[in-house]
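Student: Structure provided below as structure tokens; questions to follow.
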Amino acid sequence: MATALITGCSSGFGLEAALEFARRGHTPIATMRNLDKAGELQSRADAEGLKIDLETLDVTDDESVAACMAAVLDRHDRLDVLVNNAGIGAHGSVETIPIDDFRSLFETNFWGPVRMIRAVLPHLRAQRSGVIVNVGSIAGVVPGTPYNGPYGASKHALGTLSETVQNEVGPFGVRVVCIEPGFFSTEINANAAGRHGAGGITDTEYEADYEWFDSFMSSGVEEGADPAIVAARIVDAAEQETPLHQPVGDD
């Protein structure tokens, strides 16, 4: 059975993936920036009699990544699966969204996975086995939606990075998979960076046009499918050979 480190487990795909790994007999290490937000995960795990390890991790911080990896290897002596799930959204036009929000999104959605991949690969290469599962988005496969440029660009970059890493580490027995969900019911809008003032759009000529996008995204997430569907695909990808790119969802 595999030891799996999952980022961003306070809600959504990460929370569901931690539970699904445990249900299938694996050892999940559920990470999040603030363990005070682990209440729902812990209560659901306790209700099902599942054991889940919890670890503090901020994927935007080099020291936090190093400390987490040291703790995991000290406790478990090995790591088989990395799930790069932690992510945020940011909406706004490319012209008006505050550059700090743009940078913050890439810091989590792209540079976070880069940090984690660089941290785990020496271990995975040494043991000549392992799986890296990156949680991308259909927004990165079919980019171009107005006012979703920063998010789509970050996920497109993650998909491209997944292909490159697979070509580099495949000879060492390491697999890479990029899960690309459509609309699912998660906390991504609530956790979005730059939602105050709609990414700088308020009081600009973009504002009227932006209203359809905000409604489209909000209704899509609110009426989205069960994130447990994506969690199941994440664990499937860790357990068996799959295509590198894995779109998930009826949409």
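Student: Quick check: anything in segment 199-210 at pLDDT 90 or above, hydrophobic (A, V, I, L, M, F, W, C) and open to solvent by 40 Å² or more (accessible area, probe 1.4 Å)?
Tutor: Looking through segment 199-210, none of the residues is at pLDDT 90 or above, hydrophobic (A, V, I, L, M, F, W, C) and open to solvent by 40 Å² or more (accessible area, probe 1.4 Å).
Student: Given the conditions (1) of a type in the set (D, E, K, R); (2) out of contact with any helix residue (DSSP H, G or I) (no Cβ under 8 Å at 6 or more places or on another chain); (3) over 21 Å from Asp61 (Cβ atoms); (4) in a helix (DSSP H, G or I), and given that Asp100 satisfies all but one, which numbered condition is not satisfied?
Tutor: Asp100 satisfies all of (1) of a type in the set (D, E, K, R); (2) out of contact with any helix residue (DSSP H, G or I) (no Cβ under 8 Å at 6 or more places or on another chain); (3) over 21 Å from Asp61 (Cβ atoms); (4) in a helix (DSSP H, G or I) except (3).
Student: Need pairs with beta-carbon distance below 7 Å; first residue open to solvent by 30 Å² or more (accessible area, probe 1.4 Å) and within segment 87-109, second among the hydrophobic types (A, V, I, L, M, F, W, C) and outside any loop (DSSP other than H, G, I, E, B); sequence gap 6+ or separate chains.
Tutor: Close Cβ pairs satisfying both conditions: Gly87/Val135; Asp101/Ala90; Asp101/Ala193; Phe102/Ala90; Ser104/Ala193.
Student: Here is a further query. Among the candidates Ala22, Ala2, Ala17, which residue alone is in contact with a Cys (Cβ under 9 Å, 6 or more places away or on another chain), under 15 Å from Val235 (Cβ atoms) and modelled with pLDDT of 95 or more? Steps first, please.
Tutor: On the way: Ala22 fails: in contact with a Cys (Cβ under 9 Å, 6 or more places away or on another chain); Ala2 fails: in contact with a Cys (Cβ under 9 Å, 6 or more places away or on another chain).
So the residue among Ala22, Ala2, Ala17 that is in contact with a Cys (Cβ under 9 Å, 6 or more places away or on another chain), under 15 Å from Val235 (Cβ atoms) and modelled with pLDDT of 95 or more is Ala17.
Rundown of residues vs (1) in contact (Cβ under 8 Å) with a residue 60 or more places away in the chain; (2) surrounded by fewer than 18 Cβ atoms within 10 Å (Cβ to Cβ); (3) of a type in the set (Lys, Arg), yes/no style:
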position: Asn148; (1), (2), (3): yes, no, no
position: Leu161; (1), (2), (3): no, no, no
position: Val177; (1), (2), (3): yes, no, no
position: Ile188; (1), (2), (3): yes, no, no
position: Ser215; (1), (2), (3): no, yes, no
position: Glu223; (1), (2), (3): no, yes, no
position: Ile234; (1), (2), (3): yes, no, no
position: Glu241; (1), (2), (3): yes, yes, no
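Student: Which ones in segment 69-113 are of a type in the set (A, V, I, L, M) and in contact with a strand residue (DSSP E or B) (Cβ under 9 Å, 6 or more places away or on another chain)?
Tutor: Within segment 69-113, the subset of a type in the set (A, V, I, L, M) is 69-73, 79, 81-83, 86, 88, 90, 94, 97, 99, 105.
Selection gives Met69, Ala71, Val72, Leu79, Val81, Leu82, Val83, Ala86, Ile88, Ala90, Ile97, Leu105.
Student: If you scan segment 10-27, which residues turn out to be open to solvent by less than 10 Å² (accessible area, probe 1.4 Å) and over 22 Å from Leu124 (Cα atoms)? First the steps, then the outcome.
Tutor: In the first step, residues of segment 10-27 are kept if they are open to solvent by less than 10 Å² (accessible area, probe 1.4 Å); the result is 14-15, 17-19, 21.
Of everything in segment 10-27, those that are open to solvent by less than 10 Å² (accessible area, probe 1.4 Å) and over 22 Å from Leu124 (Cα atoms) turn out to be Leu15, Leu19.
Student: Now, a different point. Among the residues of segment 42-71, what is the count of those that are charged (D, E, K, R) and crowded, with 17+ Cβ neighbours inside 10 Å?
Tutor: Applying the first criterion (charged (D, E, K, R)) to segment 42-71 yields 44, 46, 48, 51, 53, 55, 58, 61-63.
From what is left, the residues that are crowded, with 17+ Cβ neighbours inside 10 Å are 53, 55, 58.
Qualifying residue count for the region: 3.
Student: On to the next question. What number of residues within segment 118-129 are surrounded by 20 or more Cβ atoms within 10 Å (Cβ to Cβ) and within 18 Å of the chain's Cα centre (by Cα)?
Tutor: Initial filter on segment 118-129 (surrounded by 20 or more Cβ atoms within 10 Å (Cβ to Cβ)): 119-120, 124.
Adding the requirement that they be within 18 Å of the chain's Cα centre (by Cα) leaves 119-120.
Total meeting the criteria: 2.
Student: Among the residues of segment 204-251, what is the count of those that are of a type outside the set (A, V, I, L, M, F, W, C), closer than 16 Å to Gly182 by Cβ and outside any strand (DSSP E or B)?
Tutor: Total meeting the criteria: 12.
Student: Name the residue that is farthest from Thr7 (Cα to Cα), counting only residues in segment 72-86 that are of a type in the set (A, V, I, L, M) and open to solvent by 10 Å² or more (accessible area, probe 1.4 Å).
Tutor: To start, the set of residues in segment 72-86 that are of a type in the set (A, V, I, L, M) comprises 72-73, 79, 81-83, 86.
Checking which are open to solvent by 10 Å² or more (accessible area, probe 1.4 Å) leaves us with 73, 86.
Values: Leu73: 16, Ala86: 5 Å.
Once the filter is applied, the top-ranked residue is Leu73.
The values are calculated or read from the model by the stated rules, or taken from the named source; none is laboratory data. Since the model is a prediction, treat every value here as computed from it, not as a measurement. Note that each Cβ is placed from the backbone with ideal geometry, even for glycine, and that neighbours are counted across all protein chains shown. The area values use the complete protein model at the heavy-atom level, side chains included, leaving out ligands, DNA and RNA. Shrake-Rupley method; radii C 1.70, N 1.55, O 1.52, S 1.80 Å.
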